[in-house]
Amino acid sequence: MASTASDDRNEERRRRVLLGPLPSGFLRTDGAPDPVDADYQAALALQQQLCGSTVPPAGPPLTARLSITIAQAKLVKNYGLTRMDPYVRLRVGHCIYETHTDPSGGKTPRWNKVIQCLLPPGVSSVYLEIFDECSFTMDELIAWAHITIPPAVLNGETHEDWYPLNGKQGDGLEGMINLVLSYSVGPAAVAAFPPMVVVPSTGMGYAAMPVYPQHYYTQRPPQPPQPPQPPQPAPVTEEQLQQIQEMFPSMEKEVIKSVLEANGGNKDAAINSLLQMSE
């Protein structure tokens with residue numbers, strides 16, 4: 001009887017087994033959502049925010065480009081022991097650009113550096129800093145400025161102006177910097193790199209992998225023509241050395257061998273060379 005009751009209980013347990021794929025929150029006791037689903041939703045929302053709309057626009061994608069010409073500056077003080085070597089560091093959104101250093105530029109450095117950068121959505125100002133390049137210490141911050149992009153520039157006009165600089169002398173009292181700003185919107189440039197796709201990695205999280213077109217795996221690019229190989233010299237035989245040494249008994253055997261090898265094993269050419277040497 002006990003065995004029959006045990007078999008009935010086991011049969012009842014089998015009927016209660018959940019068959020099929022397990023739900024995403026299986027064995028979770030805190031009621032929290034699946035972190036993978038949450039990360040996916042956050043990434044999707046960020047992508048839609050960067051695109052500016054939840055509906056993909058018709059036609060090719062457009063990009064906003066800002067051109068900034070950092071021409072020159074007029075500073076009020078020289079902070080170096082000698083004439084300063086200034087350069088400019090510019091930040092647009094999360095991207096940072098730098099000009100070259102003007103050696104001994106002092107208080108009137110000139111760069112005439114044109115910087116082409118993408119203008120992210122919502123960014124309406126740029127931030128720049130002027131540093132003095134130092135050889136044995138950290139570069140010294142001379143001046144800085146937070147510049148709002150004029151509305152005329154965003155309307156397609158080219159704008160040139162002198163902007164005040166902040167620094168140790170006070171806000172707007174460190175000098176002036178000359179900038180030329182222009183703005184344009186055009187088709188996005190085709191990237192030179194393949195698009196990326198996110199796939200599960202062997203560890204925790206995800207990894208980005210490039211996606212190449214199908215012909216990348218089936219066709220090899222044409223190989224450049226190989227340069228012609230120079231002809232290999234004929235090996236020098238002992239018989240050749242013996243014959244030439246009988247003609248030039250005063251010549252050492254090693255000298256004759258080196259001359260014969262230099263002429264590619266050509267016996268007649270080697271004899272002519274030895275005749276010129278013995279004259």
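Okay, residues lined up against (1) part of a strand (DSSP E or B); (2) over 24 Å from the mean Cα position of the chain (by Cα); (3) modelled with pLDDT of 90 or more:
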residue: VAL36; (1), (2), (3): no, yes, no
residue: VAL55; (1), (2), (3): no, yes, no
residue: GLY59; (1), (2), (3): no, yes, no
residue: ALA71; (1), (2), (3): yes, yes, yes
residue: ASN78; (1), (2), (3): no, yes, yes
residue: LEU81; (1), (2), (3): no, yes, no
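May I ask you to say which residue of VAL153, VAL123 is within 19 Å of VAL88 (Cβ to Cβ), part of a helix (DSSP H, G or I) and either in contact with a Ser or Thr (Cβ under 7 Å, 6 or more places away or on another chain) or without any contact (Cβ under 8 Å) to a residue 60 or more places away in the chain (or both)?
Values: VAL123 fails: part of a helix (DSSP H, G or I).
When all the criteria are applied, what remains is VAL153.
Within the group GLY156, GLY167, which residue is farther than 16 Å from THR69 by Cα and of a type outside the set (D, E, K, R)? Working first, answer last.
Numbers: GLY156 fails: farther than 16 Å from THR69 by Cα.
Result of the check over GLY156, GLY167: GLY167.
Looking at segment 151-208, which of its residues are over 28 Å from PRO121 (Cβ atoms), modelled with pLDDT of 50 or more and under 24 Å from the mean Cα position of the chain (by Cα)?
none
Restricting segment 235-279 to residues that are in a loop (DSSP other than H, G, I, E, B) and of a type in the set (A, V, I, L, M), which is surrounded by the most Cβ atoms within 10 Å (Cβ to Cβ)?
Let us first name the residues in segment 235-279 that are in a loop (DSSP other than H, G, I, E, B), namely 235-237, 248-252, 263-266, 279.
Among the residues that remain, those that are also of a type in the set (A, V, I, L, M) are: 236, 251.
On the way: VAL236: 20, MET251: 15.
Once the filter is applied, the top-ranked residue is VAL236.
How about segment 161-179: which of its residues are among the acidic types (Asp, Glu), more than 23 Å from CYS95 (Cβ to Cβ) and in contact with a Leu (Cβ under 8 Å, 6 or more places away or on another chain)?
So the first thing to find is which residues in segment 161-179 are among the acidic types (Asp, Glu), and the list is 161, 171, 174.
Applying the additional criterion that residues be more than 23 Å from CYS95 (Cβ to Cβ) yields 171, 174.
Residue satisfying the conditions is GLU174 alone.
I'd like the residue in segment 96-118 that is in contact with a Phe, Trp or Tyr (Cβ under 7 Å, 6 or more places away or on another chain) and not β-branched (Val, Ile, Thr) and, out of all such residues, is surrounded by the fewest Cβ atoms within 10 Å (Cβ to Cβ). Walk me through how you get there before you give the answer.
Step one: list which residues in segment 96-118 are in contact with a Phe, Trp or Tyr (Cβ under 7 Å, 6 or more places away or on another chain), which gives 98-102, 115, 117.
Filter once more, so that each one left must be not β-branched (Val, Ile, Thr): 98, 100, 102, 117.
Working: GLU98: 14, HIS100: 11, ASP102: 22, CYS117: 18.
Only one residue fits best here, namely HIS100.
The values are calculated or read from the model by the stated rules, or taken from the named source; none is laboratory data. As the structure is a computational prediction, the values presented were derived from the model and not from experiment. Methodologically, a virtual Cβ is constructed for each residue, glycine included, from the backbone with ideal geometry; neighbour enumeration extends over all protein chains shown.
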